[in-house]
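Reviewing the structure listed below.
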Amino acid sequence: MDISYIINELGEERENYLYSVAPPIFQTAMSCFPSVEAMRQSLAKESETPFYTRGNNATTDILRKKMAALEETEDALIFASGSAAIAAAVLSVVETGDHIVCMQKPYSWTNKLLNLWLKRFGVSATMIDGTKPENYEKAIQPNTKLLFLETPNSFTFELQDIEAVVKIARKYNLTTILDNSYATPLNQKPATIGVDMVVHSATKYLAGHSDAVGGVLCGKKVHLKKIFESEFMTIGGIISPFNAWLILRGLRTLPIRMQRVAETTPKIVNFLASHPKVSKIYYPFHPSHPQFELAKKQMKAPTGQFSIELKADNMQAVERFCNNLRRFLLAASWGSYESLIFPACTLYTSENYASAPFHWSLIRFYIGLEESDALIADLEQALAQI
Ligand SMILES: *Cc1c(COP(=O)(O)O)cnc(C)c1O
């Protein structure tokens, strides 16, 4: 299936929708039925057909089909947020007494799920340096059920060798979940390498317009049907038809947006890497990244996120740099039109100063769809002021 077919046609039954070019928004909480028998039949396959919108909705279903095709999995489920998708995936694998191995510094709410929330239910987690796949194997205990990956991770952009970790999971008969929000299915298809479940924050590149929060979980039909009947329907973290529609609209331009950031981001990274006031770059596609070779092998093209550390005497200088940028918004997230920065010093408080997870001079960047010359000029003037 080519990408344009998936994006423009797959799941869009135009003949049923007055040949509308854009997909319709079925803003309805449920479907009704012409007879008892029709209702009975629909209820029996609730995970596949629109019956009640907490389960299925015709608009959301279009997105579901497209995401499964993009990740090359049998099925997908769409959630209200990436975190809802991650929580459902993880909860579907573990029960009291089980153990999870995860790379260090995953997305902050994944970290809280694994290390705080699940502890309450007797599930433990070991966080490892995932840049060495053997660390996953070393951390496995008799009660380990799950290996969690997020490659690259979201502030320091450390990679895990997907193939090597999948091999370990197979050897010990463990489930793997991979957060693919950084790379998108255009650049990395973990299920084709053997990862069991792939999760996304659709809020980022997939939706791509800073206007909708959403999540995706892709995997095998049998596994997702089980999740549908338990975590999905009981916790009910489902997306609204309108937000699903916004993500469908976002997907239409995903390939050209990814192409744009692949062209402009390396230019900006190169500018920053050679600037005397930048001490370190964290970008998988820069030769200074310790896993540069793995990045090129595992991901198709560069993406728009990276971090830098500034050569600054104190946190005030970092703040001054951030405040002086005009073309970069101070905001979380990535994947839309606007270039963004997320300075790690916003995580610093007087209480956690010593234990904060990142160096205070670290700033995460997302390069949006603007002209690179304008962004570089802006960086230049802000760097001149520290
Ligand atoms: C944003 C993000 C999430 C969480 O997604 P939400 O849609 O905000 O719930 C999970 N993983 C990664 C890597 C993210 O960047």
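Please report the antiparallel percentage of the DSSP beta bridges confined to the chain, to the nearest 5.
The antiparallel fraction comes to roughly 55 percent.
Using a 1.4 Å probe on the protein heavy atoms, what percent of the accessible area of the chain belongs to carbon and sulfur?
56 percent
Among 84-94, 359-369, 337-347, how do they line up from the highest to the lowest mean number of other beta-carbon atoms within 10 Å?
84-94, 359-369, 337-347
Using the charge dipole of the stretch 254-383 (Lys, Arg: +1 at Cβ; Asp, Glu: -1 at Cβ; taken about the Cα centre), state which of 374, 310, 290 has its Cα farthest towards the positive end.
Looking along the dipole axis, the top candidate is 290.
Quick check on the stretch 152-247: take the gyration tensor over C-alpha atoms, sort the square-rooted eigenvalues as a ≥ b ≥ c, and tell me if it's rounded (a/c under 1.5), prolate or oblate.
Here the stretch 152-247 falls in the oblate category.
Under the rule of -39500 (n - 2.57) per DSSP H run of 4 or more residues, summed and divided by the residues of the chain, what mean residue ellipticity at 222 nm is obtained, to the nearest 500 deg cm²/dmol?
Mean residue ellipticity, 222 nm, calculated: -9500 deg cm²/dmol.
Per residue, how much accessible surface does the chain expose to a 1.4 Å probe? Answer in Å², no decimals.
Heavy-atom accessible area per residue stands at 44 Å².
Measure out, as a whole number of angstrom, how far apart the alpha-carbon centroids of the stretch 40-63 and the stretch 266-336 sit.
Taking the Cα centre of the stretch 266-336 as reference, the centre of the stretch 40-63 is 43 Å away.
What distance in nm separates the simple spin-label points at residue 13 and residue 171, each placed 7 Å from Cα in the Cβ direction?
4.7 nm
Expressed as a fraction of 2.2 N^0.38 Å, the rule-of-thumb size for a compact globular protein of N residues, what is the C-alpha radius of gyration of the chain?
Normalised Cα radius of gyration, the chain: 1.02.
For 297, 138, give the ranking by accessible area with the largest first, probe 1.4 Å.
138, 297
Semi-axes, largest first, in whole Å: what does sqrt of 5 times each Cα gyration tensor eigenvalue give for the stretch 254-383?
Three semi-axes, in Å: 24, 17, 14.
The values are calculated or read from the model by the stated rules, or taken from the named source; none is laboratory data. What you see is a predicted model, and the numbers here were worked out from it, not measured in a lab. Note that each Cβ is placed from the backbone with ideal geometry, even for glycine, and that neighbours are counted across all protein chains shown. When the accessible area is computed, the model is the full protein with side chains, heavy atoms only, and any ligands, DNA or RNA have been set aside. Shrake-Rupley method; radii C 1.70, N 1.55, O 1.52, S 1.80 Å.
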